Amino acid sequence: MSLNKVFASCDEAVADIFDGASIMIGGFGSFGGLPIHLISALVRQGATNLTLISNHGGRGFELSKLAKPGGYPDHGDLYAKLQVKKFIGSVPVLGGLPPISPIETLHREGKVEIEIVPFGTLAERIRAGAGGLGGFYTPTGVGTPVERGKEKKIINGKEYLLELPLTADFALVKAHKADALGNLVYRGTARCFNSIMAMAARTTIAEVDEIVPVGALDPEAVVTPHLYVKRVVEVPR
């Protein structure tokens, strides 16, 4: 295990992401918790045939201008560059306003597969993957299209669906601070999905606002221990 996981740039940190990789992307639905610099580096790197696991499908730069003046990059840019084959998440399209997002256009053309997962179920599937569990039973989705192809079980007279764990080859996450070992501290809503995805991927790459010396972080504030993090990059706030 490397004692110093600091990379000089996001481009260097994502250089070995391969075609066909599965990638978790942290954040909820706005730019605050998104690893936007790592996403942009992956767009430049050009890996294709990717499976993205995230809460939402991204807006793409043009549509993001509706959410933030001047716009911002997000994983919608990966769809726009035809780098994604499948989306697994809760909200493929954000906002529902024109212009149409890249993932919506590609799905209508049959070029991107979409697997809808209820929000809470998505979080639990990732947690199950992080914990090495074989899955869990939930009543969410019973009687809806979500149940198609899934095992059902009656527990105490109630129907449940078996949901399987989610893991990934890589996780791209956003944190506030890190040390050189890879211990992560988050700020505000950036903990949404970032912290659980960091534990469920074989290689977790974190972009952070600041890298501090080892020992400078309050141990009580560390949410993601260094054991789960392979690479950290300091980016402009």
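The values are calculated or read from the model by the stated rules, or taken from the named source; none is laboratory data. All values reported here derive from a predicted model rather than from experimental measurement. Virtual Cβ from ideal backbone geometry, glycine too; neighbours counted across all protein chains shown. Note: areas computed on protein heavy atoms with side chains; ligands, DNA, RNA excluded. Shrake-Rupley method; radii C 1.70, N 1.55, O 1.52, S 1.80 Å.
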Defining a contact as two alpha carbons under 8 Å apart and six or more residues distant in sequence, what relative contact order in percent does segment 126-177 show? 42
A 20 angstrom limit on the alpha carbon distance is what I want to check against. Which of Lys81/Lys230; Lys81/Lys174; Lys174/Lys230 exceed it? Lys81/Lys230; Lys81/Lys174
For Lys5, list the aspartates and glutamates whose Cα falls under 13 Å from its own Cα; do not include residues on the same chain fewer than 8 positions away. Asp179, Glu207, Glu234
From highest to lowest solvent-accessible area (probe 1.4 Å; ligands, DNA and RNA excluded), His75, His226 read His226, His75
What percent antiparallel are the DSSP beta bridges of the chain, to the nearest 5? 25
Whenever you get a sec, line up Cys192, Cys10 from highest to lowest accessible area (probe 1.4 Å, protein heavy atoms). Cys192, Cys10
Given charges at beta-carbon only (K, R positive; D, E negative), |dipole| of segment 171-237 in Debye: 280
For segment 81-237, what is the relative contact order in percent, using Cα pairs closer than 8 Å and at least 6 residues apart in sequence? 19
Sequence of Lys81, Lys86, Lys174 when ordered by accessible area, the most exposed leading, probe 1.4 angstrom: Lys81, Lys86, Lys174
Quick one: dipole size for the chain, taken about the Cα centre, charges +1 on Lys/Arg Cβ and -1 on Asp/Glu Cβ, in debye to the nearest 20. 380
Around Val6: net Lys/Arg minus Asp/Glu count, Cβ-Cβ under 10 Å: 0
Where the centroid of each part is defined by its Cα atoms, how far is segment 138-163 from segment 5-26 in Å? 36
Lys158: which lysines have alpha carbons under 21 Å from its alpha carbon, excluding same-chain residues fewer than 8 sequence positions away? Lys150
With the 8 Å Cα cutoff and a minimum separation of six or more residues, segment 146-237 has a relative contact order in percent of 30
List the residues whose amide H sits under 5 Å from the amide H of Thr167, counting only those 5 or more places along or on another chain, with H placed 1.01 Å from N in the peptide plane. none
Between Val84 and residues 5 or more places away or on another chain, which pairs have amide H atoms under 5 Å apart, with H built 1.01 Å from N, and which residues are they? Asn49, Leu50
Say a site is exposed when it is one of the GluC sites (Glu not before Pro), sits in a DSSP loop, and has at most 14 other Cβ atoms within 10 Å; what is then the longest site-free stretch of the chain? 1-108
Taking K and R as +1 and D and E as -1, what net charge do the other residues with C-beta under 11 Å from the C-beta of Leu217 add up to? -3
Classify segment 127-202 as rounded, prolate or oblate from the Cα gyration tensor: take a ≥ b ≥ c as the square roots of its eigenvalues, call it rounded if a/c is under 1.5, otherwise prolate when a/b beats b/c and oblate if not. prolate
What number in nm² do you get for the chain if you take the convex hull of its Cα atoms and divide its surface by four? 13.7
